[in-house]
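Down below is the structure, laid out as C-alpha cells.
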Amino acid sequence: MIESLSQAVSGFVKTLWIIGFVVCLAVTPLPAQKKKKSSDDEGLILPPVAKDKKKKKNENVTQTLPPPLELPLAVVAETDRLAFEVSPLSAKGLLSQQTRDALKVLMRGNHGTVVKLRAFVAGSGDLRRVGEIAAEVFSEKHLPLPVLSVVQVGALPLEGAQVVIESTLVEKRSVNPNGVAFVSGQAGTGLDDALSKLKAVLQTGHLELEDVLRTTCYISSLDTENGVANRLTEAFHSAAVNYVQTQREPVGPAAECEAVARLHDPPAAMAVLGKGERYSQMALVHNPKLVITGTQLAFGSQANDIDLAFGRLQKMLAQFNSSLSATVMSHIYLMSPSMSEKFEADRAKFFSSETPPASTILPFEGLPSLDATLGLDVIAVAQN
C-alpha cells in the first residue's frame with residue numbers, strides 16, 4: 001500500500017513539472033520578428049504613371065481674330081494710264097461666290113493695278129459683303145486695296161446673276177497720252193435715243209463712239225429693251241461695256257448712258273463742254289493725276305444731311321491735295337427721285353461754277369446702309 005502511494009505521489013510531481021515547463025514556454029517572449037509596413041495598396045498592382053507632356057505655350061491663350069480690313073476712301077491715279085474692265089455675268093452661286101469669281105477674273109485679266117471697283121448688286125444679298133470680300137481677295141494677293149462703290153439695282157441682264165463689277169485700273173504704261181474725257185449720263189426715251197445723244201456730246205470734243213474706253217447704260221426696264229448687248233457691242237467696239245436696270249419698277253428716264261473716252265489732242269487746261277448751271281455735259285482732263293473716291297453716304301433728306309456728306313468728301317480730298325471744286329466727274333445714287341431737286345440745289349455750293357463737273361444722277365434700288373438717302377462719289381484733279 002505504501003508502495004502504491006509512493007508511485008502516485010511521484011506521478012503527481014511529474015505532472016506538475018510538465019505543467020510548469022509548458023507555462024514557462026508560454027510566457028517567455030519569442031525572438032522579435034521584423035514588422036511589415038502596412039499599406040492600403042498592399043496586394044494591388046498599380047499601373048505605371050506617365051509623365052505629363054509639356055503643354056503648348058498657347059494652349060490656354062484666347063485667340064483674337066484680327067479686325068476686318070478696311071478699304072481706302074480715296075486713291076490717286078495717273079490720268080494717262082487709266083483703263084477699264086467689266087466682269088462677266090455669272091449665275092453660279094450666290095452673292096459671295098459671284099463676287100469672288102468676278103474679282104478673280106478682273107485681277108487675272110488686267111495688266112495694271114486696280115484702283116477703283118464699282119459693284120452693281122441685284123437681289124437681297126448684303127451689300128456690305130462686297131467690300132469685305134474685296135479686302136480679303138486683294139490682301140491675299142498682297143495687292144493695294146482699291147476704293148469701292150456699291151449700289152443695289154433692280155435687275156441684271158442674266159437671270160440668277162447677283163453682281164457685276166466695273167474696274168478702273170492703272171496700266172503699267174501710258175495708254176491715254178492726251179488725256180481723257182468724262183461724259184455725263186445722257187438721258188433718252190430709249191437706248192437708241194440715249195446713245196444718239198452720247199454720240200452728239202462726244203462730237204463736240206471731236207470724239208467718236210470708237211474712242212470710248214468705258215460706257216455704262218442705265219435702263220429703266222430690261223424687258224422693254226431688246227438686244228441691248230448686241231447694240232452696245234456694235235456701238236462700242238473696244239470699250240468696257242456695262243448695263244443695268246436701276247430699280248425693280250420702271251422709272252424715268254427710259255435709258256441713260258455715260259462714258260469715259262480717250263482724247264486725240266490734249267486740252268490746254270482742264271476744260272468743260274456744254275456747261276450748264278450745275279454740271280457739264282463733258283469734262284476734258286489732261287492733268288497728270290486724279291483723285292478717285294469711294295462712295296460717301298448721306299442720311300436724312302434735309303440740306304444739312306447732304307452738306308455732311310459733301311463735308312466728308314471735302315476733308316478726304318484735302319488729304320490728297322485736291323478739293324470738291326476740282327471735281328471733273330460725279331456720281332449721285334438717289335434712293336428716291338424726290339431727292340434729286342434737293343441735291344441739285346445743294347451741290348452748287350460745293351462744285352465750281354466756272355468748271356462744273358460732268359455728272360450722272362439717278363435713282364437706284366438701294367445702298368449699303370438701309371438708312372442712307374443718297375450716295376456720292378467723285379473724281380477730282382490732284383493739284384500740283
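Considering only residues that are in a helix (DSSP H, G or I) and among the small types (Gly, Ala, Ser), look in the range 179-199 and name the one that is surrounded by the fewest Cβ atoms within 10 Å (Cβ to Cβ). Steps first, answer last, please.
The first filter runs over the range 179-199 and keeps only residues in a helix (DSSP H, G or I), leaving 191-199.
From the residues that got through so far, the ones that are among the small types (Gly, Ala, Ser) too are 194, 196.
Numbers: Ala194: 23, Ser196: 13.
Only one residue tops the list, namely Ser196.
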Thr99 vs. criteria more than 11 Å from Gln162 (Cα to Cα) and of a type in the set (Ser, Thr, Tyr): no
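Of all residues in the range 142-165, count the ones that are out of contact with any helix residue (DSSP H, G or I) (no Cβ under 8 Å at 6 or more places or on another chain) and among the hydrophobic types (A, V, I, L, M, F, W, C).
5
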First in the range 140-159 and more than 22 Å from Thr246 (Cβ to Cβ) and in the same structural domain as Ala91 (by TED's automatic domain parsing), second anywhere and surrounded by fewer than 22 Cβ atoms within 10 Å (Cβ to Cβ) and of a type in the set (S, T, N, Q), Cβ under 9 Å, 6 or more apart: Leu143/Thr113; Pro144/Thr113; Leu145/Ser139; Pro146/Thr113
Candidate set: the range 116-130, residues that are surrounded by fewer than 22 Cβ atoms within 10 Å (Cβ to Cβ) and not charged (D, E, K, R); chosen: the one modelled with the highest pLDDT: Leu127
Residue within the range 316-324 that is out of contact with any helix residue (DSSP H, G or I) (no Cβ under 6 Å at 6 or more places or on another chain), under 24 Å from Thr215 (Cα atoms) and not assigned by TED's automatic domain parsing to the domain that holds Val212 present: no
Residue count, the range 169-197 (criterion: out of contact with any strand residue (DSSP E or B) (no Cβ under 9 Å at 6 or more places or on another chain) and under 26 Å from Arg231 (Cα atoms)): 0
Top-ranked residue in the range 225-246 [being out of contact with any Cys (no Cβ under 9 Å at 6 or more places or on another chain) and aliphatic (A, V, I, L, M); ranked as surrounded by the fewest Cβ atoms within 10 Å (Cβ to Cβ)]: Ala229
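Answer with yes or no whether Leu202 is assigned to a loop (DSSP other than H, G, I, E, B), more than 33 Å from the chain's Cα centre (by Cα) and crowded, with 17+ Cβ neighbours inside 10 Å. Outline the logic, then answer.
On the way: assigned to a loop (DSSP other than H, G, I, E, B): no; more than 33 Å from the chain's Cα centre (by Cα): yes; crowded, with 17+ Cβ neighbours inside 10 Å: yes.
For Leu202, the condition - assigned to a loop (DSSP other than H, G, I, E, B), more than 33 Å from the chain's Cα centre (by Cα) and crowded, with 17+ Cβ neighbours inside 10 Å - is not met.
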Positions within the range 91-115 being outside any helix (DSSP H, G or I) and within 19 Å of His142 (Cβ to Cβ), in sequence order: Asn110, His111, Gly112, Thr113, Val114, Val115
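Quick one: would you say Ser139 is surrounded by 15 or more Cβ atoms within 10 Å (Cβ to Cβ) and not in a loop (DSSP other than H, G, I, E, B)?
On the way: surrounded by 15 or more Cβ atoms within 10 Å (Cβ to Cβ): no; not in a loop (DSSP other than H, G, I, E, B): yes.
In short, no.
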Lone unmet requirement of (1) modelled with pLDDT of 95 or more; (2) charged (D, E, K, R); (3) surrounded by fewer than 21 Cβ atoms within 10 Å (Cβ to Cβ) for Arg214: (3)
Check on Glu234, in a strand (DSSP E or B) and not assigned by TED's automatic domain parsing to the domain that holds Ala161: no
Lone unmet requirement of (1) under 23 Å from the mean Cα position of the chain (by Cα); (2) closer than 27 Å to Thr79 by Cβ; (3) among the polar types (S, T, N, Q) for Thr373: (2)
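The values are calculated or read from the model by the stated rules, or taken from the named source; none is laboratory data. On a predicted model such as this, the values are computed, not experimentally measured, just so you know. As a convention, Cβ positions derive from the backbone with ideal geometry for all residues, glycine included, and neighbour counts pool all protein chains shown.
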